[in-house]
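**Q** Dumping the structure here so I can ask a few things about it.
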Amino acid sequence: MVENISRPIVYVQGLSKRVMSPEGELVLLDALDLEINSGEAVAIVGASGSGKSTLLGILAGLDVPSEGTVWLDNDELFALDEDGRAALRQSKVGFVFQSFQLLPNLTALENVMLPLELAGKGEVERAAREMLARVGLAERLHHYPKQLSGGEQQRVAIARAFVVQPKILFADEPTGNLDSATGERVIELLFELNRQQGATIVLVTHDEALARRCNRSLQIEAGRLGNGSPLEET
Amino acid sequence: MNHSPQALMGMSWRMLRRDWHAGELRVLALALMIAVASVTSVGFFTDRVRVALENQANTLLGADLVVIADKALPRRLQQHASELGVESTATIEFPSMAIAGERNQLVSIKAVAHGYPLRGELRVAEQRFVPDRIAATVPATGNVWVDVQLLDQLVLEVGDQLVLGEAVFRIASILTNEPARASGQLFSIAPRVMMNVADLARTELLTPASRVRHRMLFAGDVEAVTQFRSRVEPALQTGERIEGIEEARPEVRSALERARRFLGLAAMVSVLLAGVAVATSSQRFIRRHLDSCAVMRCMGATQQQIQSLFVLQMLWLGLIAGIVGCLFGFGAQYMLVAIVGSLADFSLPTPSLLPILFGMLTGLITQFGFALPPLLHLKNVPALRVLRRELGALSPRVVSSYGLGGGVLALLVIWQAGDIRLGLYVLGGLLVTLSLLAGVAFLLLKLLASLRARLFVEWRFGVTNLMRRPLSSVAQVIAFGLGIMVLLLFSVIRDDLLQEWEGRLPPDAPNRFLINIQPDQVAPLTAFFEAEGINPPQLFPMIRARLIEIDGEAAVPEAFEDPRAQRLLERQFNLSWAAQMQNDNRLVAGHWWSAGDKSAQFSVEEGLAKTLGIEVGEQLTFTIAEQRVTAEVTSLRAVEWDSFRANFFVIASPGVLDRFPSSYMTGFYLPVKEYSILDKMVRQFPNITVIDIAAVMAQVRRIIERVTLAVEYVFLFTLLAGLLVMYAAIYATLDERIRESVILRTLGAGRRRLLNGVIAEFVTLGAMAGMVAAIAATLLGYLLAEQLFQLEYHFNGWVWLLGIAGGGIGVGLAGVLGTRKVLNYPPLQALSEA
């Protein structure tokens, strides 16, 4: 394969993940092939323990596979060392987590400023304030996470993910800790921001409503992918 | 990724501010502040004395160079000096009695010649409570200047008369400052009387046998003084020594060095405990930052970046806490100056920057020694932790890797000790003490565990909490135990020992010593005692002599390693002679001379013989008034020195010393109501010096109290550090405690019940620490009494009561205060956070 050929933004080949357990070798992912195009929204769905979070972790470069390759925006992820993958995440990737993962010691504003500060960007505070205003938290800038409701915390997390203008957003059960109404509003926000910024979304979810909002769903079962189904078909 | 150092520094500074606001760093900062403050308070104090010694050396000396001797110095020294253009003057100092009307007082007379002092200044005041001024000259003949205490003691005012020996003087001024005052006011029981040397002869106080210190003072430009010294020093006789500005005030220097080492090492105990608090609180800090690190890794932070950010954050914190600690230390040293500063009788200058450097270094070493091992773990937290929380947890192996902290602290201790061997001894002692305390604490904990089933439910809950974290509990018991032990040792047990010592004196032990009695006064004095109805005490002849040879070998201080042996050989001995051995002496080797034996013999006190390595059969040679006297040692004697009876290191057989000029001395008991006899005696025999043992003992007690107070003060930092260790331990378990209390409250336990559990936990902890402290203090008191002071040790129940009750109440209160957040935490909030 020649380096300069343009690939889908996420391109996975022969991806496997095996771990040792007391009962012997455990196959978490089994020879997966996968392509996700730029601007797509893809839901990875499946039962608990099917391997969907493992897949998300590897796609984002947080974990390493046993075999196979992952290309992220034309970079071969596992040809890079850990710090190289960190640099790639910094420039191209955003995250939203089920448990929000806000830093408890930082205010909402400081949490959103953090990735910009890590990247050494200028005008960090202005950008963070604007982003928080876009998610409707202009009045909550100086609140600490524990002073915010679950929905508000997830909106801060979304603001933090989008403030660096990522090419790909990975989301792990973004509505998993929220009631359905709040979850609905958070999904609205997520897709609204995505539309504005033109990012690719890869999310893991149990939430059928959320999966339906995506262009397609990938069913994962016992470490293998089922048929990728376009949204229209689900 | 922006790796520029400025960007990292800026970001780490912001992280510090954020964590500070979140309250994550307070215990850590406090621990560092206490470590730095305890080290710098001692550092600033000893440094001020050191700087004073360096800067004011010549004013402390009153000259650039002083030759000191116990006999008159040859005039040719002054001639040599003037040939080189070096100024000179002389002083003579000795104790004597001063009489005014019906009263008398032991004083320290200093006769000074024109030109005194060559460096520094004499200051006098014309009246009490008026500002003093620099004295332009020395007292005029017929006049004396005196310390204000003497006016109080003899109920005098300026202008009144004072009798010294056979001469009458007018008190012309109050002496307010004098360079080279040999003893500070605290040490001195004899106030100063300064007179003109021209008046000395008519007092008739000095005889060849008097105990006198002669000084010749020299000053001039550096080169001339150096040249003078190089010419004079090689020609010094035995009994003469030279002090330049480098070696001024050797007694203050050695006391300072000992104080620096001892207080410095005491401060290190606080540093050690602060290290424990740093380790505990940084663990919590790091546990709470594992998720943050994982999130930052997700956002693209590199391992290097995360490590740099946290190390820099700790560095800022260490620097700030160090500076604040230095400020506290600077404030705290004023208290030390107030407690022991008066032992050094000169004004203290501003300290140098050295203690700051040492304090900051100690703070940073403590911080990085104890916080770095877990801190370095943060860079290894995987980004995947955001998805799988079990990853990257702090492993017990990381937590226990405090070898670095222990190692650098050990080096600090050795450095403080200023000597590898002493440092290792201290470390070994500390290790043994800590292990013993830990062993006792562990046993107490075990005992408590076996009783648990019989306790009330709240106590059971509290005790269970202690046992669940046995290491942390033992560490806290040791921390408090050490602090309480020192307080008990230096208050209750110190007083016990002093009382025991004073109580051991028989009621009729001599309380007055008479020295300087002339041979022709022996008969009249005996008659005086008889006339007053007092049984005349035995009068002992006394001759000042210098030991120069032991069995033909030169006895020089350099030949001995033992400092006591060196001191003994530097000064003169008081020899006596007797036909019979004193009743309270006991022969331990050889035999006492028989009545008809005319050969020259010495009997030596066994302690002295041991120090100087003298054995029966050896020859000792002394010089007395430039003549050599040699005799064989035929016996060794045991002497009870603390009986306060007159005793001598070396006694000669009759006939050996008779031809030399001697004076006599005696000790006797005088009931308080008969003190007026002393006035009569001093009036009749004005040259006799009376020493009041009660005053000397009161002085000794005062000095011991001051010194132990200073040590206690330094150990207050240890108690503070102990409190912090506890607070850090509470803080480290706060999340767990909150979770538990919420579960208990949802199960229906009332706030009161939870409070009782907390009280039970900490009162038990404090009482255990008090018990450990009481055990250790009693053991140490016993060892000190039996081994060091040969006193009988009496068990004192107060040590136990004060230790256990004080520890229980103090630690209980502190514990309740520290955990009030647990009791007041809204259960719903805790549940929603879980």
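**Q** Given the criteria at pLDDT 85 or above, closer than 30 Å to A:A86 by Cα and not aromatic (F, W, Y), does B:G10 qualify? Don't jump to the end; show me each part of the working.
**A** On the way: at pLDDT 85 or above: yes; closer than 30 Å to A:A86 by Cα: yes; not aromatic (F, W, Y): yes.
When the stated conditions are applied, B:G10 passes them.
**Q** So for segment B:16-23 (the condition being in the same structural domain as B:T137 (by TED's automatic domain parsing) and out of contact with any Ser or Thr (no Cβ under 8 Å at 6 or more places or on another chain)), does at least one residue qualify? It would help to see each step written out before you state the result.
**A** First, pick out the residues of segment B:16-23 that are in the same structural domain as B:T137 (by TED's automatic domain parsing): none.
The answer is no; no qualifying residue exists.
**Q** Take the residues in segment B:9-40 that are touching a helix residue (DSSP H, G or I) at 6+ places or on another chain (Cβ under 7 Å), aliphatic (A, V, I, L, M) and at the interface with chain A (Cβ under 9 Å from one of its Cβ atoms), then tell me which one is farthest from A:K121 (Cα to Cα).
**A** Looking at the filtered set, the residue picked out is B:M15.
**Q** Go through segment B:496-529 and count every residue that is modelled with pLDDT under 80 and closer than 26 Å to B:V269 by Cα.
**A** 1
**Q** How many residues, within segment B:714-761, are over 34 Å from the mean Cα position of the chain (by Cα) and either under 27 Å from B:K446 (Cβ atoms) or assigned to a helix (DSSP H, G or I) (or both)? Outline the logic, then answer.
**A** Start the filter on segment B:714-761 by keeping residues that are over 34 Å from the mean Cα position of the chain (by Cα), which leaves B:730-761.
Those left that are additionally either under 27 Å from B:K446 (Cβ atoms) or assigned to a helix (DSSP H, G or I) (or both): B:730-746, B:751-761.
Result for segment B:714-761: 28.
**Q** Moving on to the next point. Among the residues of segment A:12-63, which ones are small (G, A, S), assigned to a strand (DSSP E or B) and either within 12 Å of another protein chain (Cβ to nearest Cβ) or surrounded by 15 or more Cβ atoms within 10 Å (Cβ to Cβ) (or both)?
**A** Going residue by residue through segment A:12-63, those that are small (G, A, S) are A:14, A:16, A:21, A:24, A:31, A:38-39, A:41, A:43, A:46-51, A:53, A:57, A:60-61.
Now restrict to residues that are assigned to a strand (DSSP E or B): A:14, A:16, A:21, A:24, A:31, A:41, A:43.
Correct list: A:S16, A:A41, A:A43.
**Q** Now for a separate question. Taking segment B:281-292 on its own, how many of its residues are facing another protein chain (nearest Cβ under 10 Å) and among the small types (G, A, S)?
**A** Selection size over segment B:281-292: 1.
**Q** Another question, then. Can you tell me which of A:G49, A:G94 is without any contact (Cβ under 8 Å) to a residue 12 or more places away in the chain and closer than 27 Å to A:D179 by Cα?
**A** Values: A:G94 fails: without any contact (Cβ under 8 Å) to a residue 12 or more places away in the chain.
When all the criteria are applied, what remains is A:G49.
**Q** Considering A:E130, A:E110, which residue is modelled with pLDDT under 90 and either assigned to a loop (DSSP other than H, G, I, E, B) or farther than 28 Å from A:A209 by Cβ (or both)? Spell out how you get there, then give the answer.
**A** Details: A:E130 fails: modelled with pLDDT under 90.
None of the others qualify; the one that does is A:E110.
**Q** Determine whether B:A235 is farther than 30 Å from B:V337 by Cβ, free of Cβ contacts under 8 Å to residues at least 12 places away in the same chain and away from every other protein chain (no Cβ under 14 Å). Write out each step before concluding.
**A** Working: farther than 30 Å from B:V337 by Cβ: yes; free of Cβ contacts under 8 Å to residues at least 12 places away in the same chain: yes; away from every other protein chain (no Cβ under 14 Å): yes.
Judged against the criteria, B:A235 is a match.
**Q** Is it fair to say B:R454 is loosely packed, with under 15 Cβ neighbours inside 10 Å and modelled with pLDDT under 80? Break it down into steps so the answer makes sense when it comes.
**A** Working: loosely packed, with under 15 Cβ neighbours inside 10 Å: yes; modelled with pLDDT under 80: yes.
For B:R454, the condition - loosely packed, with under 15 Cβ neighbours inside 10 Å and modelled with pLDDT under 80 - is met.
**Q** Separate question: Quick check on B:T666: is it touching a Pro at 6+ places or on another chain (Cβ under 7 Å) and touching a residue at least 12 places away in the same chain (Cβ under 8 Å)?
**A** On the way: touching a Pro at 6+ places or on another chain (Cβ under 7 Å): yes; touching a residue at least 12 places away in the same chain (Cβ under 8 Å): yes.
The answer is yes for B:T666.
**Q** With the requirement that a residue be farther than 14 Å from B:L150 by Cα and touching a residue at least 60 places away in the same chain (Cβ under 8 Å), what does segment B:103-114 give you? Break it down into steps so the answer makes sense when it comes.
**A** Taking segment B:103-114 and keeping what is farther than 14 Å from B:L150 by Cα, we get B:110-114.
If the condition is that a residue be farther than 14 Å from B:L150 by Cα and touching a residue at least 60 places away in the same chain (Cβ under 8 Å), then B:K110, B:A111, B:V112, B:A113 are the ones that fit.
**Q** Quick one: is A:L109 in contact with a His (Cβ under 7 Å, 6 or more places away or on another chain) and more than 10 Å from chain B (Cβ to nearest Cβ)? Walk me through how you get there before you give the answer.
**A** Numbers: in contact with a His (Cβ under 7 Å, 6 or more places away or on another chain): yes; more than 10 Å from chain B (Cβ to nearest Cβ): yes.
When the stated conditions are applied, A:L109 passes them.
**Q** Looking only at segment A:92-103, which residues are facing another protein chain (nearest Cβ under 7 Å) and either surrounded by fewer than 21 Cβ atoms within 10 Å (Cβ to Cβ) or more than 22 Å from B:R18 (Cα to Cα) (or both)? Even if it seems obvious, please write down each step before you answer.
**A** In the first step, residues of segment A:92-103 are kept if they are facing another protein chain (nearest Cβ under 7 Å); the result is A:95, A:97, A:101, A:103.
Once the filter is applied, which keeps residues that are facing another protein chain (nearest Cβ under 7 Å) and either surrounded by fewer than 21 Cβ atoms within 10 Å (Cβ to Cβ) or more than 22 Å from B:R18 (Cα to Cα) (or both), segment A:92-103 yields A:F95, A:F97.
**Q** Of all residues in segment B:609-636, which are modelled with pLDDT of 90 or more and among the hydrophobic types (A, V, I, L, M, F, W, C)?
**A** Listed by number, the residues that qualify are B:A609, B:L612, B:I614, B:V616, B:L620, B:F622, B:V629, B:A631, B:V633, B:L636.
**Q** Scan (1) over 23 Å from B:R385 (Cα atoms); (2) more than 10 Å from chain B (Cβ to nearest Cβ); (3) without any contact (Cβ under 8 Å) to a residue 60 or more places away in the chain for the single condition A:L178 breaks and write down its number.
**A** (1)
**Q** For segment B:103-117, indicate whether the set of residues that are away from every other protein chain (no Cβ under 14 Å), among the charged types (D, E, K, R) and in a helix (DSSP H, G or I) is non-empty. Reasoning before the result, please.
**A** Going through segment B:103-117, the residues away from every other protein chain (no Cβ under 14 Å) turn out to be B:103-117.
The next check asks that each one be among the charged types (D, E, K, R); those that pass are B:103, B:110.
Of the ones still in play, those that are also in a helix (DSSP H, G or I) are none.
Checked segment B:103-117: no residue is away from every other protein chain (no Cβ under 14 Å), among the charged types (D, E, K, R) and in a helix (DSSP H, G or I).
**Q** Please determine whether any residue of segment A:124-133 is small (G, A, S) and under 16 Å from the mean Cα position of the chain (by Cα).
**A** Our first condition is that a residue be small (G, A, S); within segment A:124-133, this holds for A:127-128, A:133.
Those left that are additionally under 16 Å from the mean Cα position of the chain (by Cα): none.
No; the residues of segment A:124-133 include none that is small (G, A, S) and under 16 Å from the mean Cα position of the chain (by Cα).
**Q** Exactly one of (1) more than 26 Å from B:L791 (Cα to Cα); (2) at pLDDT 90 or above; (3) not in a strand (DSSP E or B) is unmet by B:E558. Its number?
**A** The one condition B:E558 does not meet is (2).
**Q** Given the options B:V278, B:V295, name the one that is buried (at least 22 other Cβ atoms within 10 Å of the Cβ) and away from chain A (no Cβ under 14 Å). So that I can check it myself, show each step before the final result.
**A** Values: B:V295 fails: away from chain A (no Cβ under 14 Å).
Every option except B:V278 fails the conditions.
**Q** So the check is Cβ under 9 Å with 6+ separation or different chains; which pairs have a first residue in segment B:74-88 that's free of Cβ contacts under 8 Å to residues at least 12 places away in the same chain and a second one that's among the hydroxyl-bearing types (S, T, Y) and not in a loop (DSSP other than H, G, I, E, B)?
**A** As it stands, the answer is B:S82/B:S88, since those pairs meet every condition given.
**Q** Related question: Would you please name the residue that is nearest to the other protein chains (Cβ to nearest Cβ), looking only at residues in segment A:71-86 that are assigned to a loop (DSSP other than H, G, I, E, B) and in contact (Cβ under 8 Å) with a residue 40 or more places away in the chain?
**A** Kept after step one, since they are assigned to a loop (DSSP other than H, G, I, E, B), are these residues of segment A:71-86: A:73-74, A:80-81.
Now narrow it down to the ones that are in contact (Cβ under 8 Å) with a residue 40 or more places away in the chain: A:73-74.
Numbers: A:D73: 14, A:N74: 18 Å.
Among those that are assigned to a loop (DSSP other than H, G, I, E, B) and in contact (Cβ under 8 Å) with a residue 40 or more places away in the chain, it is A:D73.
**Q** May I pose another question? Could you tell me which numbered condition B:V672 fails, if it satisfies all but one of (1) over 15 Å from B:Q582 (Cβ atoms); (2) touching a residue at least 12 places away in the same chain (Cβ under 8 Å)?
**A** The number of the failed condition is (2).
**Q** Still on this structure, please answer the following. Which residue, of B:V604, B:V588, is at pLDDT 90 or above, within 36 Å of the chain's Cα centre (by Cα), in a strand (DSSP E or B) and buried (at least 18 other Cβ atoms within 10 Å of the Cβ)? Break it down stepwise before answering.
**A** Values: B:V588 fails: buried (at least 18 other Cβ atoms within 10 Å of the Cβ).
It is B:V604.
**Q** Could you check, for segment A:156-175, whether at least one of its residues is more than 17 Å from A:F100 (Cα to Cα) and modelled with pLDDT under 85?
**A** no
**Q** Which residues, counting only those in segment B:201-233, are under 14 Å from B:P95 (Cβ atoms) and modelled with pLDDT of 85 or more?
**A** Step one: filter segment B:201-233 for residues under 14 Å from B:P95 (Cβ atoms), giving B:203, B:205-207, B:209-213.
B:T203, B:L205, B:L206, B:V212, B:R213, listed by residue number.
**Q** Condition first: surrounded by 22 or more Cβ atoms within 10 Å (Cβ to Cβ), of a type in the set (S, T, N, Q) and either within 15 Å of B:E24 (Cα to Cα) or within 14 Å of chain A (Cβ to nearest Cβ) (or both). Now tell me which residues in segment B:306-342 satisfy that.
**A** B:Q313 - this is the single residue of segment B:306-342 that is surrounded by 22 or more Cβ atoms within 10 Å (Cβ to Cβ), of a type in the set (S, T, N, Q) and either within 15 Å of B:E24 (Cα to Cα) or within 14 Å of chain A (Cβ to nearest Cβ) (or both).
**Q** When you go through (1) in a helix (DSSP H, G or I); (2) under 22 Å from the mean Cα position of the chain (by Cα); (3) modelled with pLDDT under 85 one by one for B:V271, which number turns out not to apply?
**A** (3)
**Q** I've got another one for you. Determine if segment B:573-582 includes at least one residue that is among the hydroxyl-bearing types (S, T, Y), in the same structural domain as B:R659 (by TED's automatic domain parsing) and either closer than 21 Å to B:V656 by Cα or more than 35 Å from the chain's Cα centre (by Cα) (or both).
**A** Here is the first cut: in segment B:573-582, the residues among the hydroxyl-bearing types (S, T, Y) are B:576.
Of the ones still in play, those that are also in the same structural domain as B:R659 (by TED's automatic domain parsing) are B:576.
Still in the running and either closer than 21 Å to B:V656 by Cα or more than 35 Å from the chain's Cα centre (by Cα) (or both): B:576.
So far as segment B:573-582 goes, yes, one or more of its residues are among the hydroxyl-bearing types (S, T, Y), in the same structural domain as B:R659 (by TED's automatic domain parsing) and either closer than 21 Å to B:V656 by Cα or more than 35 Å from the chain's Cα centre (by Cα) (or both).
The values are calculated or read from the model by the stated rules, or taken from the named source; none is laboratory data. Computed from a prediction, not measured in an experiment: that's the story for all the values here. Ideal geometry is used to build each Cβ from the backbone, glycine not excepted, and the neighbour counts take in all protein chains shown.
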